[in-house]
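> Dropping the structure in here first, questions after.
The values are calculated or read from the model by the stated rules, or taken from the named source; none is laboratory data. Predicted, not measured: the structure shown is a model, and the values here were computed from it. Counting neighbours? That spans all protein chains shown, and the Cβs are built from the backbone with ideal geometry, glycine included. We work out accessible area using only protein heavy atoms, side chains counted, and drop any ligands, DNA or RNA first. Shrake-Rupley method; radii C 1.70, N 1.55, O 1.52, S 1.80 Å.
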Amino acid sequence: LGGLQVGILDEAAARVRPGGHLAYFTCSLFGAENEEQLQAFVARSGWSETARRRLDPTEGGDGFFAAIVQRPAA
């Protein structure tokens, strides 16, 4: 679980300019696909998390996770 997210994050991150932002969204409430992926990405990349939001079914929809990370400026 999560292997696909690793590849997507790393591939997308390579296309972000220094100081730029990357949005990470899933339609899942599983920590292994959300918080754990985000923490691992930040740890291996040196990027910083700037925002995070989790929407569960009580707030409408099926459940979503969103986070914004920022690439270090060059």
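> Within a Cβ distance under 12 Å of S28, other residues only, what is the Lys/Arg minus Asp/Glu net charge? Before the final figure, lay out the partial values.
Values: positive: R54; negative: E33, E35, E36, D56, D62.
Value of the local net charge: -4.
> Over all directions, what mean area does the Cα convex hull of the chain project, stated in square nanometres? Spell out each step's value before the answer.
Details: hull surface 18.9 nm².
Its Cα hull, projected and averaged over all orientations, spans 4.7 nm².
> If I fit a long axis through the Cα atoms of helix 3-13 and take the longest principal axis of the Cα atoms of the chain, what angle between them do I get, 0 to 90°, rounded to 10?
Once rounded, one gets 40 degrees.
> I'd like to check one number: the per residue accessible area of the chain, probe 1.4 Å, reported in Å² as a whole number. All intermediate terms of the calculation are to be shown ahead of the outcome.
Values: 4510 Å² over 74 residues.
Solvent-accessible surface per residue comes out at 61 Å².
> Under the Karplus relation 6.51 cos²θ - 1.76 cosθ + 1.60, θ = phi - 60°, what is the ordered set of whole-Hz ³J(HN,Hα) values for segment 16-24, x standing for Gly and Pro?
9, 5, x, x, x, 10, 10, 9, 10
> Another question about this same structure. Got a number for carbon plus sulfur as a percent of the chain's accessible area, 1.4 Å probe? Numbers along the way, then the final one.
On the way: 2600 of 4510 Å².
Carbon and sulfur atoms account for 58 percent of the accessible area of the chain.
> Here is a further query. What value, in deg cm²/dmol to 500, does the helix sum -39500 (n - 2.57) over DSSP H runs of n ≥ 4 give at 222 nm once divided by the residues of the chain? Mind dumping the intermediate values first?
Numbers: 2 runs with 22 residues, N = 74.
Helices in the chain give a 222 nm mean residue ellipticity of -9000 deg cm²/dmol.
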